[in-house]
Amino acid sequence: MGEWLLLVRDEALQHIGVVEDDYALEAVERHLGLGAWKVEVAADGPGAELLRAGAGVLLVDSETGETLVSGPIRPQETQRAVDGYTLTVSGVTDTALLSRLCWPKPGQDIPDTGATQDDAYYVVAGEAETVMLTLVDVNAGSSAREERQVPGLVVPASQDRGPVIESKTRFDNLLDVLWGIGSVAGLGVRVVQQGSDLVVDVYEPVDRSDEVRFGVGLGNLAEYTYSLTPPEVTDIVVGIGGEGQARVFYRFIQRDVLWPDLVVEEFVDRRDVDPDADPLDPDYVDPDAVAAQSAAERFAEAGGKASVQFSPIDTDAVRWGRDYWLGDVVTCETEIGPVTDVIREVRYTRSAEDGQRVEPLIGEPQDTPAIYKRVARLRRDVDQLQTRR
């Protein structure tokens with residue numbers, strides 16, 4: 001990876017300059033989540049003047065020309081420090097532009113005088129990537145109503161990746177829907193500026209845990225920090241149908257090897273399932289299967305978590321952006337043994353003391369678990385997304 005360039009853009013997405021004086025940077029890009037960034041410069045320098053005039057920033061790899069992170073400038077703040085004034089600008093990534101509603105009939109107007117929508121839901125079926133890009137296109141792209149189109153947004157042609165699915169939306173948040181589909185289908189999605197376009201980037205994570213490994217002994221790991229969180233539940237009782245003594249109960253146990261003596265019990269209510277239903281009924285669901293699935297989903301959501309944030313050393317064999325990326329599965333050797341998990345986020349930082357650094361994080365971030373729990377719940381939302389393999 002080459003040196004980074006910090007470009008500033010105007011409202012029309014045109015590049016108006018490069019921040020050439022010294023700056024401090026922190027930018028985070030997340031897999032199936034919203035990223036953010038922050039830049040700090042001397043308040044009386046040319047970089048501050050450029051940032052005040054700009055509407056957004058792009059962090060670009062000078063070696064490849066690839067935009068790593070881009071996003072609009074939101075708040076600005078000037079601070080007085082011991083060594084002078086500083087200007088801090090920050091914002092979210094351009095993926096936030098997709099935080100909008102999915103209309104039941106995207107092409108139909110909703111006026112302030114009130115109107116009905118001709119369709120109860122917007123339904124689209126096909127390969128998961130095609131469904132994702134279609135939802136973006138009709139709600140924010142060139143096929144959306146003119147006043148709802150995101151200026152400069154480019155929706156590429158689908159590569160037909162992912163399983164065949166059916167999506168059914170009604171005023172759902174588009175980003176939540178995309179993250180839910182991506183979680184089920186094994187895809188990621190973000191918006192990043194390339195040239196003067198805001199490109200919807202759907203990417204397909206890969207399990208690289210065998211070939212992409214990091215360790216101090218391997219010479220490609222400078223440092224790491226790991227965090228461990230005990231499971232929220234280890235013993236689950238699922239109640240199926242009925243009332244009182246007529247209910248059927250199932251018990252499932254899943255202990256964590258790192259906390260073998262920890263016991264946390266929880267009850268899951270599935271009274272919506274009738275244990276006495278006729279198997280020949282077309283709406284029949286197997287109560288045994290429902291109970292096992294409900295417990296498995298809760299264990300997956302509330303199990304013990306291990307996350308590792310590490311500083312890799314680029315080598316000829318393994319380089320960030322070339323050999324592994326957001327959403328990929330990699331392995332990091334730690335004191336507690338190898339941790340193999342998804343790269344949930346990557347943190348780009350730059351400072352006068354440490355220079356530029358790339359710090360991927362594998363596993364669930366300990367400080368922001370809510371978004372991943374929300375995505376896990378979206379996996380189970382069968383009304384929102386139905387997989388048809």
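Table for the structure above
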quantity	calculated
Residue check, Val164 open to solvent by 20 Å² or more (accessible area, probe 1.4 Å), among the β-branched types (Val, Ile, Thr) and either within 27 Å of Val318 (Cα to Cα) or free of Cβ contacts under 8 Å to residues at least 60 places away in the same chain (or both)	no
Residue count, region 176-190 (criterion: surrounded by fewer than 23 Cβ atoms within 10 Å (Cβ to Cβ) and under 24 Å from Gln14 (Cα atoms))	1
So Glu63, is it under 29 Å from Pro205 (Cβ atoms) and among the charged types (D, E, K, R)	yes
Which listed residue is of a type in the set (Gly, Ala, Ser), in contact with a strand residue (DSSP E or B) (Cβ under 8 Å, 6 or more places away or on another chain) and under 28 Å from Val69 (Cβ atoms), from Ala157, Ala125, Ala96	Ala96
Residue satisfying all of: in region 337-354; in a strand (DSSP E or B) and of a type in the set (Gly, Ala, Ser); surrounded by the most Cβ atoms within 10 Å (Cβ to Cβ) among these	Ser351
Residue ID - surrounded by the most Cβ atoms within 10 Å (Cβ to Cβ), chosen from residues in region 12-51 that are outside any strand (DSSP E or B) and on the phi > 0 side of the Ramachandran plot	Leu32
Of the criteria (1) over 23 Å from Pro205 (Cα atoms); (2) part of a loop (DSSP other than H, G, I, E, B); (3) open to solvent by 50 Å² or more (accessible area, probe 1.4 Å), which one Pro106 fails	(3)
Any hit, region 142-153, residues being within 22 Å of Leu34 (Cα to Cα), surrounded by fewer than 20 Cβ atoms within 10 Å (Cβ to Cβ), within 21 Å of the chain's Cα centre (by Cα) and not polar (S, T, N, Q)	no
Subset of region 283-295 [surrounded by 13 or more Cβ atoms within 10 Å (Cβ to Cβ) and without any contact (Cβ under 8 Å) to a residue 24 or more places away in the chain]	Val285, Asp286, Gln293
Test: residue in region 219-229 that is touching a helix residue (DSSP H, G or I) at 6+ places or on another chain (Cβ under 9 Å), of a type in the set (Asp, Glu) and either farther than 30 Å from Asp94 by Cβ or without any contact (Cβ under 8 Å) to a residue 60 or more places away in the chain (or both)	yes
Single residue of region 250-275 satisfying the filter (within 30 Å of the chain's Cα centre (by Cα) and open to solvent by less than 50 Å² (accessible area, probe 1.4 Å)) that is farthest from Thr229 (Cα to Cα)	Val268
Out of Leu326, Leu280, sole residue that is over 30 Å from Ile253 (Cβ atoms), open to solvent by 40 Å² or more (accessible area, probe 1.4 Å), in a loop (DSSP other than H, G, I, E, B) and at pLDDT 85 or above	Leu280
Which numbered condition Val290 fails, given (1) aliphatic (A, V, I, L, M); (2) at pLDDT 90 or above; (3) within 28 Å of the chain's Cα centre (by Cα)	(3)
Unmet criterion (only one of (1) assigned to a helix (DSSP H, G or I); (2) within 21 Å of Gly195 (Cβ to Cβ)) for Val150	(1)
Filter result for the condition that a residue is open to solvent by less than 40 Å² (accessible area, probe 1.4 Å), in a strand (DSSP E or B) and either among the charged types (D, E, K, R) or touching a residue at least 60 places away in the same chain (Cβ under 8 Å) (or both), over Val69, Val89, Val124	Val69
Verdict on Asn173 being crowded, with 17+ Cβ neighbours inside 10 Å and polar (S, T, N, Q)	no
Where a residue in region 107-119 is within 18 Å of Arg148 (Cα to Cα) and its partner, wherever it lies, is of a type outside the set (S, T, N, Q) and surrounded by 10 or more Cβ atoms within 10 Å (Cβ to Cβ), with Cβ under 6 Å and at least six apart	Gln117/Pro104; Gln117/Lys105
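The values are calculated or read from the model by the stated rules, or taken from the named source; none is laboratory data. None of these values were measured; they are calculated from a predicted model. Don't worry about glycine lacking a Cβ; one is built from the backbone with ideal geometry, like all the others, and counts go over all protein chains shown. Please note that ligands, DNA and RNA were not included when accessible areas were found on the heavy atoms of the full protein model with its side chains. Shrake-Rupley method; radii C 1.70, N 1.55, O 1.52, S 1.80 Å.
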